[in-house]
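What follows is calculated from the coordinates using simple rules that are stated; it is not laboratory data. What you see is a predicted model; the values in this text were computed from it and never measured. Note that each Cβ is placed from the backbone with ideal geometry, even for glycine, and that neighbours are counted across all protein chains shown.
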C-alpha cells in the first residue's frame with residue numbers, strides 16, 4: 001500500500017469511519033494465542049471497528065475476500081462478483097415468490113423480541129418454559145396491511161405480574177436460565193461494530209450485480225420485494241431508514257441474536273439441543289424472506305452468534321451461572337412433567353413440535369449453512385476454534401473437552417466459501433451434526449459413560465455415519481446407541497455398560513470384542529469378526545449377527561434372546577460366520593416358560609425355542 005493510501009486510511013480510522021483494513025486470514029488463524037476470539041470477545045464494542053481492534057470484526061474477515069469496504073456506505077467494491085451476484089439473486093428469488101403466510105411469519109419475527117422467538121425451539125416444553133420464566137410478547141400475528149406506525153414488542157395488557165419480554169424474568173422459576181440468555185446477549189454481543197466496519201448494504205439497496213442501486217418496492221407488510229433489476233420506487237425503500245450509513249446488512253443483527261438466544265437455551269436445556277439449533281437457522285432465514293438481509297448477512301450473523309455464545313460460556317466469570325442455569329432447568333422441567341432426568345428427553349419430544357422431523361431439520365441446516373452460494377473449491381483442513389467445545393458441554397457431558405473438539409472437527413461443514421473459512425473457521429461448526437456424536441474416528445476413541453450422572457451420561461445415541469481408521473472402546477455403566485451407516489475400521493470393544501447396534505453396519509468394518517457389558521442388536525448386524533469372552537449378547541429372535549467373511553470366537557458370556565409369549569417353530573439362525581469356535585456359557589430366553597435348545601455348527605448357531613416342560 002502506498003504512502004498516500006496509508007495516510008488516507010489512517011485519517012479515516014482516526015475519524016471513526018467504517019474502514020475494514022485488509023487482513024491475512026491464514027495468519028490470523030495461525031496466531032491463535034493473540035487472536036483467539038474467546039480470549040478477546042470483550043473488544044467487541046462500538047469504539048472498535050477494525051480487524052486489529054475488534055475480535056468480532058476479525059472473525060468475520062472472510063467477507064474481505066468478497067467485498068471491499070469503501071470510504072462511504074455506497075462506494076464499496078465487488079471483489080467476487082460470482083458470489084455476490086448469487087447472494088443478491090437468492091434474495092430476489094425468495095422475495096418474489098414468498099407467500100402471504102411466509103411474509104406474515106417473517107413480520108412476526110422481525111418485530112418480536114428475538115429471545116422470546118427462540119423459545120419456540122423448545123417444542124413440547126415451550127409453554128412450560130413461558131409460564132415458568134414469565135416470558136411474554138404482544139406480537140403473535142401480523143397485520144393484514146401496512147401498519148400506520150411501527151409495531152414494537154411490549155408486555156401485553158393483562159400479563160401476570162412480573163412478566164418480562166425476551167427469555168423471561170430473572171426473578172422467575174427459570175430466572176437463571178433467562179439470566180444466561182441475557183448474559184450471552186450482553187454488552188459485547190452486538191453486531192453493529194462489524195456492520196460499520198464492512199458497510200455491505202442491505203440487499204434492497206443493491207442490484208443483481210451488487211452495485212448500490214435501490215431495486216425494489218415495499219409490500220403490504222412494509223418489506224422489500226424485488227420486481228426487476230432496475231430502480232423501482234426507491235423513495236419507498238428509503239422510508240425504511242433515512243440514514244444508509246447506519247443501516248448496513250452484514251452481519252445480520254437479528255440472526256446474531258437468534259443464535260445467541262437459541263444456544264443459551266440449548267446449553268441449559270440440552271434435551272432440545274438440535275431443535276434449538278434448527279430454530280436458530282429457521283428464524284435467521286426469515287430475514288431473507290423479509291427482504292431485509294442477504295444470505296451472506298445471515299451467514300455472518302450465525303458466525304458471530306456462534307463465536308459470541310462460545311466465548312461467553314467459556315468465560316470463567318460465567319461458570320457458576322451456566323451450571324446453575326442447567327441445574328435449574330433440569331429441576332423445573334422434571335418437576336413440571338413428572339419425569340426423571342433419564343426420561344425428560346422422551347417427554348421433550350412428545351407432543352406438538354414444529355421441529356419434530358429430524359431429517360428435515362438436518363437438511364435445512366445443511367442448506368442454510370451456505371445457501372448454495374458458489375464455493376471457492378478449497379479443501380482447507382478444519383481447525384476447531386479455541387473454546388468452541390464449550391457449546392457441547394451439556395449435550396455431550398460424558399466426553400472431555402478434547403473429545404468434544406474432535407466431535408466438532410469431524411462433523412464440520414466442508415470448506416465452502418470465504419465466510420466459512422475465515423479466521424478460526426467459526427462458520428464451519430455444524431452444531432446440529434455435532435449433537436449426534438463423532439463424524440469419524442481418526443484415532444481410537446475411549447468413551448466412559450457414568451449412568452449415575454443421569455441424562456445423556458446414562459443414555460445417548462450417535463446418529464452420524466462414522467468413518468475413520470480408529471476404533472471405539474465403550475466403558476462405564478451407561479448406554480450408547482450407534483445408529484449410523486458406520487465405516488470406521490479400527491474395531492469396537494465393549495468393556496462395560498450397553499452398546500446398542502441400531503443399524504446393520506453400526507459397529508463399523510473392524511473386529512468386535514466383548515469382554516463385559518451388553519451388546520444389544522436392534523436389527524441384523526454385519527461385522528468383520530466377533531469375539532466374546534464375557535458380557536451379554538442380546539438380540540431379537542429373527543435378527544442375525546453375521547461375520548460371513550470372518551471368524552467368531554465365543555469363549556463364554558451369555559446369549560440373551562428376546563421373544564414374545566409365542567413359541568416359534570423350527571430352527572432359527574442367530575449367528576453365522578466363516579468359522580465359528582466355542583460356545584456361550586448360557587443361553588437365556590426372555591419370555592417366561594420358554595427355553596432355547598442350541599445347535600452349533602462350524603459356521604453357525606441356530607436355536608429352537610421350546611416350552612420348559614417339553
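Once the piece of chain linking residue 152 and residue 375 is laid out straight, how much longer is it, given 0.36 nm per residue of separation minus the C-alpha distance between them?
76.4 nm
For the listed peptides 323-331, 246-254, a ranking on the average number of other beta carbons within 10 Å per residue, highest first, reads 246-254, 323-331.
Could you state the angle between the C-alpha long axis of helix 273-289 and the longest principal axis of the C-alpha atoms of the chain, as a value from 0 to 90 degrees rounded to the nearest 10? Roughly 30 degrees, rounded to the nearest 10.
Summarising the label geometry, the points placed 7 Å from Cα in the beta-carbon direction at residue 383 and residue 324 lie 3.7 nm from one another.
Given a Förster radius of 45 Å and the C-beta distance between residue 336 and residue 569 as r, what FRET efficiency does 1/(1 + (r/R0)^6) yield to the nearest 0.05?
Numbers: r = 50 Å, r/R0 = 1.11.
Efficiency computed from Cβ-Cβ geometry: 0.35.
Have a look at the DSSP beta bridges in the chain and tell me what percent are antiparallel, nearest 5. Can you show the working numbers first?
On the way: 18 of 69 bridges.
Antiparallel bridges make up about 25 percent of those DSSP assigns within the chain.
Only DSSP H runs of four or more residues enter the estimate; each adds -39500 (n - 2.57), and after division by the residues of the chain the mean residue ellipticity at 222 nm equals -9500 deg cm²/dmol. With coordinates expressed along the principal axes, the C-alpha atoms belonging to the range 303-344 extend over 37, 22, 14 Å, beginning with the largest. For the chain, the longest principal axis of the Cα atoms and the long axis of helix 319-337 meet at an angle of about 60 degrees. Each label point was placed 7 Å from the Cα along the Cα-to-Cβ direction; for residue 473 and residue 562 their separation is 2.8 nm. Between residue 357 and residue 613, what is the FRET efficiency for a Förster distance of 41 Å, r being their Cβ-Cβ separation, to the nearest 0.05? That pair, residue 357 with residue 613, gives E of 0.25.
Which value results when the Cα radius of gyration for the range 439-611 is divided by 2.2 N^0.38 Å?
1.01
Helix 358-370 and the long axis of the chain differ in direction by around 40°, with both axes built from C-alpha atoms.
Size of the range 524-565 from its Cα atoms: along the principal axes, largest to smallest, the extents are 34, 21, 8 Å. Per-residue Cβ neighbour counts within 10 Å put 347, 379 in the sequence 379, 347, beginning with the fewest. When each of 424, 170 is scored by the number of other beta-carbon atoms lying within 10 Å, the sequence from fewest to most is 170, 424. Nearest-5 percent of antiparallel DSSP beta bridges in the range 59-369? For the range 59-369, the DSSP antiparallel bridge percentage is about 90. Of the peptides 356-364, 263-271, the order by per-residue mean of other Cβ atoms within 10 Å, starting with the highest, comes out as 263-271, 356-364.
With a Förster radius of 25 Å applied to the C-beta separation of residue 101 and residue 138, the computed FRET efficiency comes to 0.75. If you look at the Cα atoms of the range 59-369, you get an Rg and a Dmax of 19.9, 60 Å. Footprinting exposure proxy ranking of 340, 479, 383, fewest other C-beta atoms within 10 angstrom first, gives 340, 383, 479.
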